[in-house]
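Presented below is the structure to which this report refers.
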Amino acid sequence: MAAPDTRPARVYTIPPGWPFVDALTAGLWRQAEERAELLAAMTVLLPTRRAARALREAFLRLGAGRAMMLPRMMPLGDMDDDELVIESDAFTGGPGDDVLLQQPAISGLRRQLMLARLIMARPDHPESPEQAMFLAAELARLLDQVHTERLDFAALADLVPEDFADHWKITLQFLTLLTELWPGILAETGAVDAALRRNMLLEARSRAWTNSPPAIPVIAAGSTGSIPATADLLAVIARLPEGAVVLPGLDREAPEDVWENLAPSHPQYGMAQLIRHLGVARGDVADWPAAPAAPTASARTRLVNAALAPAGRSGAAKIDARAVADALAGVTRLDCPGPAEEANAIALMMRRALETPGRTAALVTPDRGLARRVAAALRRWNVEIDDSAGQPLAETPPGAFLRLVASAAADRLRPVTLLALLKHPLAGLGRRRAECRQLARAFEIAVLRGPAPAPGIPGLRAALAEAVAEAKTRMPELPGFIDDLETALAPLAEALSDRRPLAELVRAQAATAERLAACDSESGADALWHGDAGEQAAGLIEELAEAARAFDAVGAISPGDFATLFEAALAGRVVRPSFGSHPRLFIWGLLEARLQRADLAILGGLNEGTWPPEAAANPWMSRPMMAAFGLPQPERRLGLTAHDFVQGLGAAEVVLTRAERVGGTPTVPSRWLRRIDNLLERLGHKDALVPAEPWLGWAAALDRPAGQRT
């Protein structure tokens, strides 16, 4: 049998106008000759778990809801151990690598706490654990990036300190020390960095399939190969006897002078890098042999690619001005005065889509604030819709309640924080929740309006006694209300009375939150930890308590430091719904939208700094340092978001929206909008994207009264 790398690579693409997962599903079903047993024998590798869920739903649509035996689906980007099993007899790593593979990946929060401890041990350490936690999160991201790009920390020695400013020299010294200590610290914990372990798993699978190619079909679909280890695995899969790679939206029509001069910020840059790595020419990539729906006219693809072509290249030369109308049929643009108007107009578009039976609509945006506004606006019509990209845990009821518990105890019941806690929907203090809020309002009117009382429960009692003496309140329930508050706060108040270990403070916080959340009809635990957000909050508390030992060397935690440290631990935690709320309306982030399609696609938040996102500064490495070290520049991420933009434009009907002012500040349209505008103006179609419907006027009319009542 010939070696796998001598076989011609089988590489396909699904054009942007085709619904990716539906086209992939139809092709797999055709390849299985419409036989369930052959379909079940396949293995399909997808970028993420969410992509795998989208593929399962596509099979459900293909089968009209009937039960089907599905292929094995394995995520490439966020895999767990049980999703990419490495058999011991197939592993051919170097000495010691098999030992590392037996070790689990260190949890993100535990690693963050360990790195924060090392940061605080520096002579110039930050003044607060909160700052150390945020710096540790960025440092963890840098570690993952280095592992992902397969770089060696020893190369830090090649960075010449004299080439950088003094503060970068200090940072470089710390990074050098860290890279010398970090492997030993991880070895003591019996864990490895998640990115390093992912690389080892992918590399081991590549070796296993190279040495013993599977006889079953293996298809890798939707990946752009941005992770080098993933690109290597795709190269192996493309040459397996029953293997194939399916790319999303490869542009095979771009002129050669454009293709050979792509910048990292171009939407096709990642595709070009990947097919070169696969060892295939662009002309050898064929369309995936399935088209469940007619693709969008290729004229639109040519128009968009011409608009985004590198400056001075011939991309626009192939565009016929007479074909612009056909290319932009179904594409409109809406510039709104502000985010509220943008959200209301989008909600109205999505609501109208429901008037057509079976029609689907999706908002695609990286702006989570816009997503929440649209979801709230749709509730006007009793339409519930979830943001599949998730909601920050800190902004969910359980997350906000835990934040307020920590802040109120740390602030010694400062009036603003105390009232926010007592008026929270989860607050009960053993009573009816409505009664708890009623007593909180009465206590606010009688005691907290005016000079602030002395700190703590004694201060509240003294202020209440003074209010009773001055006849400011006649509610006999208030003293008992304060007693119940003191009882509920006792675990955390006692723990914060002096400096305690972090784990003890976390457990006390959870116990206090449960007491405060208890009401007459359910326990605090049932109220606080149920649902998707409650489960995430409970997981955070448990993980933080278990990982707290990594922070104990810093010493005990003061009350104020605990509240800010908990805030930092919450950052980045996202709650995603288990199931969508509406079957035909969706809100997708860029990652969710890459492989999915709706009849109406609304690409929202198209402003510079939002889409594309602003390149954040790295506190540990400057751009010249990153370039010298070999790390990719932020422009590569711009290329990925540009590819998402082009993919979204492949829908049959597309609306591009942006807000002209955000927070009173004028905004700049996305660079892709400006490039499209410039091209359309040169071709004599300046107003081609003006919507026919007055969406802003209709949205404003919803809240405009028909007349005055006297």
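Just a few scattered comments:
- Test: residue in the stretch 610-618 that is touching a Ser or Thr at 6+ places or on another chain (Cβ under 6 Å), buried (at least 23 other Cβ atoms within 10 Å of the Cβ) and part of a strand (DSSP E or B): no
- Considering residues of the stretch 142-158 that are within 13 Å of Leu631 (Cα to Cα) and free of Cβ contacts under 8 Å to residues at least 60 places away in the same chain only, the residue most open to solvent (accessible area, probe 1.4 Å): Asp152
- Members of the stretch 159-178 found to be under 32 Å from the mean Cα position of the chain (by Cα) and open to solvent by less than 30 Å² (accessible area, probe 1.4 Å), listed by number: Thr171, Leu172, Phe174, Leu175, Leu178
- The residues in the stretch 692-710 that are within 21 Å of Gly605 (Cβ to Cβ) and assigned to a helix (DSSP H, G or I) can be counted, and the count is 5.
- Strands (runs of 3 or more DSSP E) (entirely within the stretch 2-77) containing at least 2 residues that are at pLDDT 90 or above and farther than 29 Å from Gly330 by Cβ: 43-46, 72-75
- Qualifying positions in the stretch 333-380 - of a type in the set (Val, Ile, Thr) and surrounded by fewer than 19 Cβ atoms within 10 Å (Cβ to Cβ): Thr356
- Of all positions in the stretch 403-420, none carries a residue that is assigned to a helix (DSSP H, G or I), under 25 Å from Val331 (Cα atoms), touching an Asp or Glu at 6+ places or on another chain (Cβ under 9 Å) and charged (D, E, K, R).
- Selection count, the stretch 469-481, where residues are assigned to a helix (DSSP H, G or I), surrounded by fewer than 17 Cβ atoms within 10 Å (Cβ to Cβ) and not acidic (Asp, Glu): 3
- Residue under evaluation Ile557, criteria (1) hydrophobic (A, V, I, L, M, F, W, C); (2) within 16 Å of the chain's Cα centre (by Cα); (3) open to solvent by less than 40 Å² (accessible area, probe 1.4 Å), criterion not met: (2)
- The set of residues in the stretch 665-691 being assigned to a loop (DSSP other than H, G, I, E, B) and under 34 Å from the mean Cα position of the chain (by Cα) consists of Thr667, Val668, Ser670, Ala688, Leu689, Val690, Pro691.
- If you go through the stretch 112-138 and keep only what is open to solvent by less than 20 Å² (accessible area, probe 1.4 Å) and assigned to a helix (DSSP H, G or I), you end up with Leu113, Met114, Leu115, Ala116, Ile119, Pro129, Ala132, Met133, Ala136.
- Among (1) touching a residue at least 24 places away in the same chain (Cβ under 8 Å); (2) surrounded by 13 or more Cβ atoms within 10 Å (Cβ to Cβ), the one test that Pro624 misses: (2)
- Every pair of residues 6+ apart whose Cβ atoms lie under 6 Å, when the first sits in the stretch 221-242 and is farther than 25 Å from Ala26 by Cβ while the second is part of a helix (DSSP H, G or I) and among the β-branched types (Val, Ile, Thr): Ile227/Thr148; Val236/Thr210
Residue-wise test of (1) in contact with a Gly (Cβ under 8 Å, 6 or more places away or on another chain); (2) without any contact (Cβ under 8 Å) to a residue 12 or more places away in the chain; (3) open to solvent by 70 Å² or more (accessible area, probe 1.4 Å).
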{"residue": "Leu640", "(1), (2), (3)": "yes, no, no"}
{"residue": "Gly648", "(1), (2), (3)": "no, no, no"}
{"residue": "Ala659", "(1), (2), (3)": "yes, no, no"}
{"residue": "Glu681", "(1), (2), (3)": "no, yes, yes"}
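- The residues of the stretch 347-372 that are within 23 Å of Arg594 (Cβ to Cβ) and either touching a Leu at 6+ places or on another chain (Cβ under 6 Å) or of a type in the set (D, E, K, R) (or both), listed by number, are Met350, Ala353, Arg359, Ala361, Val364, Pro366, Asp367, Arg368, Arg372.
- Total residues in the stretch 683-700 satisfying the condition of being open to solvent by 50 Å² or more (accessible area, probe 1.4 Å), within 25 Å of Ala377 (Cα to Cα) and not aliphatic (A, V, I, L, M): the figure is 3.
- The lone exception for Gly399 - which of (1) assigned to a loop (DSSP other than H, G, I, E, B); (2) open to solvent by less than 40 Å² (accessible area, probe 1.4 Å) it fails: (1)
- Any hit, the stretch 589-599, residues being under 24 Å from Ala376 (Cα atoms), part of a strand (DSSP E or B) and either of a type in the set (Phe, Trp, Tyr) or out of contact with any Cys (no Cβ under 8 Å at 6 or more places or on another chain) (or both): no
- Residues considered: Ala518, Ala513, Ala495, Ala508. Of these, the only one that is over 20 Å from Phe566 (Cβ atoms), crowded, with 21+ Cβ neighbours inside 10 Å and touching a helix residue (DSSP H, G or I) at 6+ places or on another chain (Cβ under 7 Å) is Ala518.
- Among residues of the stretch 139-171, those that are modelled with pLDDT of 90 or more and part of a helix (DSSP H, G or I), counted: 10
The values are calculated or read from the model by the stated rules, or taken from the named source; none is laboratory data. The shown structure was predicted, so the numbers you read here are calculated from the model rather than taken from an experiment. When we count neighbours, we look across all protein chains shown, and the Cβ atoms used for this are built from the backbone with ideal geometry, even at glycine. The accessibility values were calculated without ligands, DNA or RNA, using every heavy atom of the protein model including side chains. Shrake-Rupley method; radii C 1.70, N 1.55, O 1.52, S 1.80 Å.
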